[in-house]
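Structure first, then comments.
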Amino acid sequence: MAETKNKHKIKNPFEGIIEKLFMIFENKIYLYGFFAALVVFLVIFPNTSSRFTQEIMTNLFFYVVVCLGLNIIVGYAGLLHLGYAAFFAVGAYTTGILSSRMGMDFWLTIPFSIVAAVIAGLAIGFPTLRLRGDYLAIVTLGFGEITRLTIRNLDVTGGAIGLIGIQRPEFFGITLNQISHFYYMFFILAILAIIVSYRLENSRMGRAWEYIREDEDAAAAMGINVTTSRLYAFIIGSAFGAVAGSFFAAKMTAISPDSFMFIHSVMFLMAVVLGGMGKIPGVVLGSVLVVLIPEVARGIGPYRLLIFGFLLLIIMLYRPQGIWPEKPTISTDE
Amino acid sequence: MALHEILLQQLFNGLLIGSFYGLVAIGYSMVYGIIKLLNFAHGDIYMIGAFSGLIFLSIASPYIGAGWPSLILGLLITMLLVGLLGVLIQRVAYRPMLKAPRLSILITALAVSMILYNTVMLLSAGRYRAFNVDISSESFYLGALRLTETRVILIVAAFTLMFIMHMFITKTMYGKAMRAIALDRDTCQLMGIDVFKIIALTFFVGSALAAAAGIMAGVYYGTIHFFMGFLIGLKAFTAAVIGGIGIIPGAMLGGLLLGLLEAFGTQIPFIGTEWKDVFSFAFLILFLIFKPNGLLGRSESERM
């Protein structure tokens, strides 16, 4: 491990620049001050901006939630997941079917989507994870495609057209139907996701994941059940995605198979890898980049995925720990 | 048609499609065996092969026509070029990552796949392209089996390539070196094998075979498009797992078996062709549960 890190550092042409930039956050007062200012800014944001920018910001919060869920699998447990959109679809369609076909209240559908995601996660994760960790990558890739095909071919999911008429959620008597309502809903969800992720990271399970990621054999020798720990990460991550999917369905009121393509799984993964796998600020930064870059640079539209492909390659070759550095200090080996 | 005629026809179709799967699965399985990498870009290499073949044909057909001679010439040239592309990808994207954590090299492979198919998507404007060849499409009967000249030549060519590959792996020094590296890379290095050269050779051979399968699929289906490599990449992996990943004859066997399963699976009532891909994926999951080492694999756990 140590050898590889040094090897990458020698080749890194940006050595030190980004680290210096992030050093500001080493000072706790600056850090908390920054967060407080950010939260205040985000709370008053809808009053000062157009519906379009609110829409983008809502999308950003939504990405933060989804990518923090994916981060549990990819970042914490070190497993490559290429079909996350499918788990997201499981949640969205569970809510969609229960709400539009059976008239169930939105909040009651969430436990059902969690259960559905856990079942799907077990069906995929159990046979795969007891073999080799990297089989999961291709099995999830297949599962993503198969889920989309199944949704297209079934009647209960509305086929290629999808589901319409999903009910808006109610919150203490207020029907959430304005974009600013959803802005605050996803803002609160994103904060909850950050807190849950933080608690998980520092739990007994979180330390086990870190150990397995660093050295699988040593972790097993210390009595950590590698398969079970990975399965937990996979299932918790899947449930996370399903909950995000439920809220997505409630916001859109109409869902179709086109919202759950392989490209979406790749964009989620891109956000996790870009900022820095396994680190909450890194994932948030990655989500910001993935959501805002196409909005700011409209012209890159058709080339977006090509550019992201090259970015992914360059990051893996030169800066495998992501843009946000491991520790906000200048490296000490010079 | 009587039942046995349908079954015979599906047997032939299954073997033909299965031989494409097998050719792609060989490269997948070899790369996994030698550097333990799931090469997501392998399906895209197949797609690049099909497009390169089409480009060659459109350049060469005014001079030498688009019949079998130019098709075979195109096949050989494309195999060479795409093989070299495979070596280049290996050198740029995978070799620096060999000692990095497993997750990093998987993401690198995904990035290469994205780059390849998005490049072709932009160049081909995302449209289906007709694979125009000037060959006879007349059908004739062999007993109850309806055949065309094209299909017979394709299946013969695919099996010939697989046979050559099998000979290469079992009878030559290079094949022996590949098998040795799959067992223990570090010891091979100590024994004086140029490990990086053999890894590059593996990518060359695997990519060339995938390119050949791509051209054959172009001739067989008549159209090609930039996303054609995605599903076949998944199926090649399934084929490799069925046969036992890392085992070359296993990849061929797995490919043929998967082709047959799909051909017969779509004949079962209530499972129409739209469920074909779901069917083969369900089969992958079942295989991972009950026979994870594949048909030809020995039952041993992962070595440390």
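So the values come out like this:
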{"item": "One residue from B:GLY175, B:GLY192 being outside any helix (DSSP H, G or I) and more than 24 Å from B:PHE51 (Cβ to Cβ)", "result": "B:GLY192"}
{"item": "Filtered residue count, the stretch A:255-289, keeping only those that are among the small types (Gly, Ala, Ser) and surrounded by fewer than 20 Cβ atoms within 10 Å (Cβ to Cβ)", "result": "2"}
{"item": "Test result for A:GLY158, more than 8 Å from every other protein chain (Cβ to nearest Cβ) and either within 26 Å of B:ILE105 (Cβ to Cβ) or not in a helix (DSSP H, G or I) (or both)", "result": "yes"}
{"item": "Single residue of A:ALA242, A:ALA249 found to be surrounded by 22 or more Cβ atoms within 10 Å (Cβ to Cβ) and closer than 23 Å to A:PHE126 by Cα", "result": "A:ALA242"}
{"item": "Meets criteria (surrounded by 18 or more Cβ atoms within 10 Å (Cβ to Cβ) and either under 12 Å from the mean Cα position of the chain (by Cα) or without any contact (Cβ under 8 Å) to a residue 60 or more places away in the chain (or both)) for B:LEU258", "result": "no"}
{"item": "Helices (runs of 4 or more DSSP H) fully within the stretch A:249-334 counting 3 or more residues that are at pLDDT below 80", "result": "A:280-296"}
{"item": "Selection from the stretch A:216-243 of residues that are free of Cβ contacts under 8 Å to residues at least 40 places away in the same chain and either farther than 13 Å from A:LEU79 by Cα or assigned to a loop (DSSP other than H, G, I, E, B) (or both)", "result": "A:ASP217, A:ALA218, A:ALA219, A:ALA220, A:ALA221, A:MET222, A:GLY223, A:ILE224, A:ASN225, A:THR228"}
{"item": "Unmet criterion (only one of (1) surrounded by fewer than 19 Cβ atoms within 10 Å (Cβ to Cβ); (2) more than 30 Å from A:LYS279 (Cβ to Cβ)) for A:ASN202", "result": "(2)"}
{"item": "Of all residues in the stretch A:86-110 being surrounded by 24 or more Cβ atoms within 10 Å (Cβ to Cβ), of a type outside the set (S, T, N, Q) and more than 14 Å from chain B (Cβ to nearest Cβ), the one that is farthest from A:TYR232 (Cα to Cα)", "result": "A:GLY96"}
{"item": "Residues of the stretch B:282-296 satisfying the condition of being in contact with a Ser or Thr (Cβ under 7 Å, 6 or more places away or on another chain) and facing another protein chain (nearest Cβ under 8 Å)", "result": "B:LEU284, B:LEU288"}
{"item": "Complete set of residues in the stretch B:29-60 that are touching a Leu at 6+ places or on another chain (Cβ under 8 Å), within 28 Å of B:GLY265 (Cα to Cα) and at pLDDT below 90", "result": "B:LEU38, B:PHE40"}
{"item": "Of the criteria (1) surrounded by fewer than 22 Cβ atoms within 10 Å (Cβ to Cβ); (2) more than 22 Å from B:GLN9 (Cα to Cα); (3) in contact (Cβ under 8 Å) with a residue 24 or more places away in the chain, which one B:GLY250 fails", "result": "(1)"}
{"item": "Per-region count, the stretch A:193-214, residues touching a residue at least 40 places away in the same chain (Cβ under 8 Å) and out of contact with any Leu (no Cβ under 9 Å at 6 or more places or on another chain)", "result": "6"}
{"item": "Scan of the stretch A:130-151 for residues that are within 8 Å of chain B (Cβ to nearest Cβ) and in a helix (DSSP H, G or I), ordered by number", "result": "A:TYR135, A:ALA137, A:ILE138, A:VAL139, A:LEU141, A:GLY142, A:PHE143, A:GLU145, A:ILE146, A:LEU149, A:THR150"}
{"item": "Qualifying position, being modelled with pLDDT under 75, assigned to a helix (DSSP H, G or I) and not polar (S, T, N, Q), among A:LEU60, A:LEU31, A:LEU38", "result": "A:LEU31"}
{"item": "Residues (in a helix (DSSP H, G or I) and either closer than 16 Å to B:MET165 by Cβ or among the aromatic types (Phe, Trp, Tyr) (or both)) located in the stretch B:216-238", "result": "B:MET216, B:TYR220, B:TYR221, B:PHE230, B:ALA236, B:PHE237"}
{"item": "Odd one out for B:LEU57 among (1) farther than 30 Å from A:ILE315 by Cα; (2) without any contact (Cβ under 8 Å) to a residue 60 or more places away in the chain; (3) hydrophobic (A, V, I, L, M, F, W, C)", "result": "(2)"}
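Conditions (1) farther than 29 Å from B:ILE105 by Cα; (2) in contact (Cβ under 8 Å) with a residue 40 or more places away in the chain, marked per residue:
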| position | (1), (2) |
| --- | --- |
| A:ILE110 | yes, yes |
| A:LEU129 | no, yes |
| A:ARG132 | no, no |
| A:GLY144 | no, yes |
| A:THR147 | no, yes |
| A:LEU163 | yes, yes |
| A:ILE166 | yes, yes |
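The values are calculated or read from the model by the stated rules, or taken from the named source; none is laboratory data. Note that the structure is a prediction, hence the values are computed from the model and not measured. Here Cβ is always computed from backbone atoms with ideal geometry, including for glycine, and neighbour counts include all displayed protein chains.
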